[in-house]
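Worksheet: one structure, shown below.
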Amino acid sequence: MLRLYRVVFVCLIAALATPATAATSEPDAFLKDFADRAIASLTEEGVQDQQLAQRFGELLEEGFDIPQISQFVTARYWRGASDEQKEAFYNAFRGYLIQRFLPLFDEYKGQEFETGQVRSDAGEEDVSWVTIEIDVGQSGQQAQTEWKVKNTGDSGFKIQDVKAEGTSMAITLRDEFQTFMRRKGGLDGLIEALQRQAEKAGVATTN
Amino acid sequence: METGSQSWPRRLRSHGYVACLMALLITAGCTSAPDSSREANIGSYGVAMADGQTASLAYTPSLTQVAYRPDTSDVPMMQVAVGTTGEDDDPLEGLNRYFYDLNNALDILIFRQFAEAYRVVVPEGVRRSVTNFIRFIKTPVILANDLLQGDLERAEVTTSRFIVNAAIGFGFFDVAADSGLPYHPEDFGQTLAVWGVDSGPYLVLPLLGPTTLRDGAGRGVDVLLDPLTYVLTTPQSIGRVGVEALDARERNLDTIDEIRRDALDEYARVRSLWLQNRRKEILNDEQDIETAATEGFLRSDMDSPN
């Protein structure tokens, strides 16, 4: 939880240290390649904010399993949701993630990282956890992150969760969203709140 | 926090209670624990994950989730109460929210200001030494709990750390961590969890912040285990509480600011983060077991996807 998002951000983009590999047949190679392209794309000079947001959105779609994450973080509310609600949530959530993570790219200072151990999930086939140690700057401290990557077959690898120092982003969001929805108008209330947050930062939440 | 403590009723002013406050204050400010356990984890993840194997896991849909952890002293598998991380563990949410808001208001008005001033005025190296010294004088409590959990390996680390840091660092420099003996927090709440005691409800205490019934009670026992409880005078104990609280709050300035900016439901996010971190502390560095617990937990919600 320690600056979870900051760590996530650094991890996502800190790929410059390792040359991108063309082969993405392994989850760790996929992560390296993805991060490398993400940073190249999002730290390019002279690009408008609007365009950066769009690029970031595309990268999210490409590298993250947003449908699965959406379903996970809304848990039982997902089951009772209509297709329209699901789509509205998907877009709002995407906008929320963009407004949250995109500004962090401004802070990127060429941090380095190394992928470490890759292990299989305890139960799910096709799911691996990739360990990445990230230099968090202050006095050579390193942060430990674990990336949950699913091999979806045709659409390649997708990130489903990130754990930073034992704290799972998916679980944190789910716990928070569950409580929010119970108190503030269910899935529709959550969609509205996510839209507000995104739009406050000037990120569109419609397709 | 010293000022806050002084206005407490007289009966709370005994050494025991003051030290108890001190201990709980470390958990105040919501998310103080993660920082303190960071180095510990970094030190041993590689080993813990080496084989990628997982222990068996039983998920119970009741209040408390149970994981099994092989004990390091050749005792067969132990049942560890790791709890859940969401609202299921929070039957007292209404009351907790009340105290959360109260604590937040006090924090913004008073404690955060002190922490910021501390960061501005005191250089990082000195602050680091303060942290190191606070951990150093906690050694007896950590060692006692290592032993009560039957974790001889960690007890050895704790002892070695004490000797190395006393001899070379005078308690102010964590020389041991640099030579492969990372700090780890341990308390009686964790010991109870290892013994299989459920966490009980999540609690937010006035001034002291998040805990659970079990962990709050455990802090009281830690006070009794701490030799300094019997040595320090009341003003000294209060001073120690204050310094520890200041140290913890300063280290979490950025984290808490970020939560306040970002969360849709700050209370719920802090609860989840606190409980997840607590789970990690209870399971020590046994990453594979922790992961098994988390992954089982994840799947429990995913079994009916539509």
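The values are calculated or read from the model by the stated rules, or taken from the named source; none is laboratory data. From a predicted model like this one, the values you see are computed outputs, not experimental measurements. As a convention, Cβ positions derive from the backbone with ideal geometry for all residues, glycine included, and neighbour counts pool all protein chains shown. Areas reflect the complete protein model, heavy atoms only, side chains present, ligands, DNA and RNA absent. Shrake-Rupley method; radii C 1.70, N 1.55, O 1.52, S 1.80 Å.
Computed with a 1.4 Å probe over protein heavy atoms only, the accessible surface of region B:95-306 comes to 38 Å² per residue. Of B:ASN145, B:ALA155, B:ALA167, which is farthest along the charge dipole of region B:127-172 in the positive direction, counting Lys and Arg as +1 and Asp and Glu as -1 at C-beta? After comparing all options, I get B:ALA167.
Mind grabbing the interface size between A and B? I mean buried accessible area, both sides, 1.4 Å probe, in Å² to the nearest hundred.
Values: alone 10860 and 14670 Å², together 20910 Å².
Adding both sides of the contact gives about 4600 Å².
Charge tally around B:GLU250: other residues with Cβ under 9 Å, Lys/Arg +1 each, Asp/Glu -1 each, net +2.
Normalised per residue, the accessible area of region A:78-195 is 38 Å², obtained with a 1.4 Å probe and no contribution from ligands, DNA or RNA. In this simple spin-label model, placing a label point 7 Å from the Cα along the Cα-to-Cβ direction at both B:ALA167 and A:GLN142 gives a separation of 2.7 nm.
In region B:95-306, one over the average inverse separation of all distinct C-alpha pairs is 19.1 Å, which is the Kirkwood hydrodynamic radius. Applied to region B:186-193, the Karplus parametrisation 6.51 cos²θ - 1.76 cosθ + 1.60 on θ = phi - 60° returns per-residue 3J(HN,Hα) values of 8, 8, 6, x, 5, 4, 4, 4 Hz, with x for Gly and Pro.
At 0.36 nm per residue, and after removing the present C-alpha to C-alpha distance, how many nm does the segment from B:ILE110 to B:ASP262 gain when stretched out fully?
On the way: separation 152, 0.36 × 152 = 54.72 nm, distance 2.19 nm.
That pair, B:ILE110 and B:ASP262, stretches by 52.5 nm at full extension.
Take each residue in B:273-279, count the other chain C-beta atoms within 10 Å of its C-beta, and the mean is 4.
Of A:LYS32/A:LYS200; A:LYS32/A:LYS148; A:LYS200/B:LYS280; A:LYS86/A:LYS148, which sit over 25 Å apart, Cα to Cα? Intermediate results must be reported in sequence, preceding the final value.
Values: A:LYS32/A:LYS200 32 Å; A:LYS32/A:LYS148 14 Å; A:LYS200/B:LYS280 35 Å; A:LYS86/A:LYS148 23 Å.
Where the Cα-Cα span goes over 25 Å, the pairs concerned are A:LYS32/A:LYS200; A:LYS200/B:LYS280.
Magnitude of the Cβ-charge dipole of region A:137-207, K/R +1 and D/E -1, about the Cα centre, nearest 20 debye?
On the way: 10 positive and 9 negative charges, 27 e Å.
With Lys and Arg at +1 and Asp and Glu at -1, about 140 debye.
If you put +1 on each Lys and Arg Cβ and -1 on each Asp and Glu Cβ, how big is the dipole of region B:95-306 around its Cα centre, in Debye rounded to 20? The partial results should precede the final answer.
Details: 22 positive and 33 negative charges, 141 e Å.
Result for region B:95-306 is approximately 680 debye, rounded to the nearest 20.
Summarising the amide proton neighbourhood of B:LEU205: residues at separation of 5 or more, or on other chains, whose placed amide H is nearer than 5 Å comprise B:THR211.
Is the shape of region A:55-166 best called rounded, prolate or oblate, per the rule: a/c under 1.5 gives rounded, else a/b larger than b/c gives prolate, else oblate, with a ≥ b ≥ c the square roots of the Cα gyration tensor eigenvalues? Could the numbers behind the result be given before it?
Numbers: a/c = 2.16, a/b = 1.39, b/c = 1.55.
Verdict is oblate for region A:55-166.
Remark: region B:252-265, residue by residue, has Karplus-estimated 3J(HN,Hα) of 10, 3, 5, 4, 6, 4, 5, 4, 5, 6, 9, 6, 7, 9 Hz, where x stands for each Gly or Pro and the curve is 6.51 cos²θ - 1.76 cosθ + 1.60 at θ = phi - 60°. Each residue, B:SER179 and B:TYR230, gets one label point 7 Å from its Cα in the Cβ direction; the gap between the two is 3.1 nm. Using alpha-carbon positions, what is the distance between the centroids of region B:108-165 and region A:25-73, in Å? Cα centres, region B:108-165 to region A:25-73: 39 Å.
Across region A:116-128, coupling constants 3J(HN,Hα) worked out from phi with the 6.51/-1.76/1.60 Karplus curve, θ = phi - 60°, read x, 3, 10, 9, 7, 5, 4, x, 7, 6, 6, 10, 10 Hz, and Gly and Pro carry x.
Separation of region B:166-187 from region B:224-247 is 20 Å, based on Cα centroids. Of all alpha-carbon pairs in region B:162-258, indicate the percentage at a distance above 16 angstrom. For region B:162-258, the share of Cα pairs beyond 16 Å comes to 72 percent.
Annotation: amide H-H contacts under 5 Å for A:LYS184 (H modelled 1.01 Å from N, sequence separation of 5 or more, or interchain): none. Remark: mean inter-chain Cβ contacts per residue of A:121-131 equal 4, using a 10 Å Cβ-Cβ cutoff to other protein chain atoms.
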